[in-house]
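Before any comments, here is the structure.
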Amino acid sequence: MNLDGQILQYRDFTEDYLKNIYKKFRTEPQTQLFNAMEYSLLAGGKRLRPVFAYEFCRMCGGQWQDAAPFAAAVEMIHTYSLIHDDLPCMDNDDFRRGRPTNHKVYGEGMAVLAGDALLTDAFMIASTGKLSQPWTMADAISLMAEGAGSLGMVGGQVLDIMSQERELSEQEVLDIQSRKTGRLINIACCLGAMAGGASRNQFEAASQFASGLGLAFQIRDDMLDVIGTREEMGKGVGTDAEKNTFVRLYGLEKCETLVQQYTDYAISALEAFDDREFMIALAKSLTERRV
Ligand code: GRG
């Protein structure tokens, strides 16, 4: 199967899996909460993190479908972070994934709670997954918690907020963005590898891939805030002009070079896998993404 066909298969599977999560709870009375959660969870998006999880599972010798609970859990954490990131007390954005942001539709209180519930339920869904030697569910859950919490994504968001009034050094921007964006990509790749029964060496390679790819992805994201359009991105653009972005630090031209360099670094980690053509093609395609 070609790159686009395989991505589509992974995405369709993700959509179906996510649609089914709350179906069985719909007899519960907290209908408005489920509506708010599904409004953002089922709003599309590239589903890139699930694609990473499935493909690392497959590359490590597993059935890619075995990564489904972990892939869904990562997408739930990702969706929570977007809902909270859009809140008036954070970035105060009105538009996301081509539609009004969660708080614009459901109000701030419900948007906070929808994010809280998605984060917490992600652990419930992940815990239904199955892992084989040498990996245990405790490994998976601690990887998720460490990467999403104060040491990872939330920690990165805090460092970002605390440094908004001053210009940051290169190392500081790299550190913040590795936590804010990179850690969740790391969780996706590493959980996928675990679900596929990765060796320690393959696990380390998945983690190395994620650290390069995460930076390349964020630098491209910063570029798209300048060169992208609202129609393509499904959200407001030009909103990061005052922030400590890679574009502000390096300028557009150097950012393009850095996206290539970090992608090459990520691809070099894939030598630990025999069947790596899809992942190489995916990583390369992301260097030119417009969405
Ligand atoms: C506890 C208030 C609170 C916040 C949680 C908000 C937060 C911590 C962290 C922010 C992390 C964040 C939103 C980083 C941006 C990452 C990023 C590049 C998102 C866009 O990802 P895509 O392009 O989006 O994969 P789609 O829509 O395609 O899924």
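The values are calculated or read from the model by the stated rules, or taken from the named source; none is laboratory data. Here the structure is a predicted model, which means the values were calculated and not measured. Note that each Cβ is placed from the backbone with ideal geometry, even for glycine, and that neighbours are counted across all protein chains shown. The area values use the complete protein model at the heavy-atom level, side chains included, leaving out ligands, DNA and RNA. Shrake-Rupley method; radii C 1.70, N 1.55, O 1.52, S 1.80 Å.
Things worth noting here:
- Charge dipole (the stretch 95-147, unit charges on Cβ, about Cα centre) - positive-most of GLY147, GLY107, THR136: GLY107
- Partners for LYS23 among lysines (Cα-Cα distance below 23 Å; same-chain residues under 8 apart left out): LYS46, LYS130
- Within the chain, longest stretch clear of exposed GluC sites (Glu not before Pro) (DSSP loop, no more than 14 other Cβ within 10 Å): 1-164
- On the chain, 51 percent of the accessible area sits on carbon and sulfur atoms, based on a 1.4 Å probe.
- About the Cα centre, charge dipole magnitude for the stretch 3-285 (Lys/Arg +1, Asp/Glu -1 at Cβ), debye: 700 debye
- Divide the volume of the convex hull around the Cα atoms of the stretch 100-173 by the residue count and you get 148 Å³ per residue.
- Average accessible area per residue (Å²) across the chain - probe 1.4 Å, nucleic acids and ligands excluded: 45 Å²
- 5 Å-binned pair-distance histogram of the chain (Cα, whole percent): 1, 6, 12, 17, 19, 19, 14, 8, 4, 1, 0
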